[in-house]
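The structure appears below as structure tokens.
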Amino acid sequence: MLSISSQAVSRWETDSAMPDISLLPSLCSIFNVSSDDLLGINNSKQNEEINEIRKKANIKSSRGYIKEAREILEEGLRKFPTNYLLMRDLMYVASDQSKDSIYSSDQKKIFREEAIQLGEKILTSCTQDTVRNCAIQVLCFAYRDMGDFEKAQDLAKKMPHMAVCQQSLMSRVTTGDEQLRAKQTEMHLYLQFLETGIRGMNTKMDNGEWRYNSEEASLLRDKSIALLHTVFEDENFGFYHTHLADIHSAQANYFATLQSVEKTLYHLKKASEHAIAFLEWEKGGEYTCLIFKGMSRGRFSTNTTHNDALCLLNIMKSENFVFLFDNEEFIHIKDKLEPLASHW
């Protein structure tokens, strides 16, 4: 493939000679490995150390401690500057920081530019498909947020259709217990996309107006609630307790703007119930509904250090709810949340 004699290859194999350095990119491409792998740099001890760094960073980032995660990853990259997994993880951190309201517009732009720089470096040099695909995902959002929709769309079009994604295929090429688990994983993925997609339907159109008015947006949230109750008929919502807490708090906020005491209190009560249930769910367990019966409720990740009880309490302090501050039921909801409100 490279027009090299078998004698030259033999000398490489017996360690009596090494390939010319200019051949390394081609050799990496042929064997679908990184240059580190080709040169034997990624030994098992190094991989263990890198995995430990990533694990420590993930513990922080998955609970909203983004600055701490960044420090861990930056230190790791100083030691392993060519490791694409560490680059990918730092991309996610930079992307999260580019959306954090604590930073100025200029700081957010710097984070987006950092994410783009890391992503483009991965696409230029990394040959691992999973790492490249994750980089493309973050790059799509970073370019979109920078206003470069053409680049974002070009990258998005390079990704496979949902019908040929890992979860879709695994549910069709396995058997027995493994196939059931694969099908449940696939349905869980589709449910997340569908439920959050319904809530995100209200986009700004070309004429600058929102597609749905406030009342219609509220009806979309009602549909998300109905969907989750249909799937989790036994109300063992697991991870989706946090989704329902968010949806009901958004509904409470909407009805508060209308000064509707009854509907605002109803949704606040529901939001508090799901927020508290989510804190209990964190201890683990299995789903019991028909579709996900026996499936582990798994882990979760969040971009805030506040648990759901604290998030809801902070929402209830806003000006929208002033008209309820002396209401007995409103006070009762606060009293239930306060002992549980804390940081992750």
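Worth a mention:
- Test: residue in segment 198-211 that is without any contact (Cβ under 8 Å) to a residue 60 or more places away in the chain, under 25 Å from the mean Cα position of the chain (by Cα) and in a helix (DSSP H, G or I): yes
- Selected residue (only one of Ile102, Ile53, Ile30 is part of a helix (DSSP H, G or I), surrounded by fewer than 18 Cβ atoms within 10 Å (Cβ to Cβ) and of a type in the set (A, V, I, L, M)): Ile30
- From the options Thr203, Thr264, Thr257, Thr196, residue that is over 22 Å from Leu312 (Cβ atoms) and of a type in the set (Val, Ile, Thr): Thr203
- Taking the conditions (1) part of a helix (DSSP H, G or I); (2) farther than 30 Å from Met187 by Cα in turn, Leu139 satisfies each one other than (2).
- Asp36 part of a loop (DSSP other than H, G, I, E, B), acidic (Asp, Glu) and either in contact (Cβ under 8 Å) with a residue 24 or more places away in the chain or surrounded by fewer than 17 Cβ atoms within 10 Å (Cβ to Cβ) (or both): no
- Output for segment 61-87, where each listed residue is surrounded by 20 or more Cβ atoms within 10 Å (Cβ to Cβ), of a type in the set (D, E, K, R) and either at pLDDT below 95 or within 13 Å of the chain's Cα centre (by Cα) (or both): Arg63
Per-residue answers, yes or no, for (1) open to solvent by 80 Å² or more (accessible area, probe 1.4 Å); (2) closer than 25 Å to Leu258 by Cα:
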{"position": "Glu186", "(1), (2)": "no, no"}
{"position": "Leu191", "(1), (2)": "no, no"}
{"position": "Glu195", "(1), (2)": "no, no"}
{"position": "Ile198", "(1), (2)": "no, yes"}
{"position": "Asn202", "(1), (2)": "no, yes"}
{"position": "Met205", "(1), (2)": "yes, no"}
{"position": "Ser214", "(1), (2)": "no, yes"}
{"position": "Leu220", "(1), (2)": "no, yes"}
{"position": "Ala226", "(1), (2)": "no, yes"}
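- Asp15 being open to solvent by 80 Å² or more (accessible area, probe 1.4 Å) and more than 28 Å from Ser342 (Cβ to Cβ): yes
- Of the helices (runs of 4 or more DSSP H) lying entirely inside segment 237-344, those carrying at least 3 residues that are under 20 Å from His188 (Cα atoms), open to solvent by less than 70 Å² (accessible area, probe 1.4 Å) and in contact (Cβ under 8 Å) with a residue 12 or more places away in the chain are 240-257, 261-281.
- Residue list for segment 253-287, filter: modelled with pLDDT under 95 and over 20 Å from Ser224 (Cα atoms): Leu279, Glu280, Trp281, Glu282, Lys283, Gly284, Gly285, Glu286
The values are calculated or read from the model by the stated rules, or taken from the named source; none is laboratory data. Keep in mind it's a predicted model, so treat the numbers as computed, not measured. Neighbour counts are summed over all protein chains in view; Cβ atoms, including those assigned to glycine, are modelled from backbone coordinates with ideal geometry. We work out accessible area using only protein heavy atoms, side chains counted, and drop any ligands, DNA or RNA first. Shrake-Rupley method; radii C 1.70, N 1.55, O 1.52, S 1.80 Å.
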